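Presented below is the structure to which this report refers.
The values are calculated or read from the model by the stated rules, or taken from the named source; none is laboratory data. Quick caveat, the model's predicted, so the values are computed rather than measured. When we count neighbours, we look across all protein chains shown, and the Cβ atoms used for this are built from the backbone with ideal geometry, even at glycine.
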Amino acid sequence: MGEPVPVWQCIGCGRIEAPQTCIGVCQARKVFMVSMSDHQEALDQIQHLIVQADAMQGLLNRLAHSTPRDGQWEASWRAAQIEARAVLAHQA
């Protein structure tokens, strides 16, 4: 990803100017801009992380709120391991 570029943005009208402030008619503050492709790449990565976190939370929720029937502990444990491995494999 590229580095953010400092620009000046008017707090009133939203006008953007780089690399220096305008002649003083507006009030400007320094903001940073990135390219649209870098922004989209970051959004895509965030969405991927959200999907992973949701899958992990689902597994943890099932582990925390379920109790296997008598004699089914090992089967439940193995099923949880399979699901955990699938979540981890999707993460990679």
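Annotations
- Verdict on Gln91 being modelled with pLDDT under 90 and of a type outside the set (A, V, I, L, M): yes
- Qualifying residue in the range 37-51 (condition: more than 30 Å from Val87 (Cβ to Cβ), at pLDDT 80 or above and either surrounded by fewer than 11 Cβ atoms within 10 Å (Cβ to Cβ) or out of contact with any strand residue (DSSP E or B) (no Cβ under 7 Å at 6 or more places or on another chain) (or both)): no
- Test: Ala28 is small (Gly, Ala, Ser), in contact with a Cys (Cβ under 8 Å, 6 or more places away or on another chain), surrounded by 10 or more Cβ atoms within 10 Å (Cβ to Cβ) and modelled with pLDDT under 90: yes
Residues checked against (1) in contact (Cβ under 8 Å) with a residue 40 or more places away in the chain; (2) within 26 Å of Met1 (Cβ to Cβ); (3) of a type in the set (S, T, N, Q):
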| site | (1), (2), (3) |
| --- | --- |
| Ala42 | yes, yes, no |
| His48 | no, yes, no |
| Gln52 | no, yes, yes |
| Arg62 | no, no, no |
| Thr67 | no, no, yes |
| Glu74 | no, no, no |
| Ala79 | no, no, no |
| Ala86 | no, no, no |
| Ala89 | no, no, no |
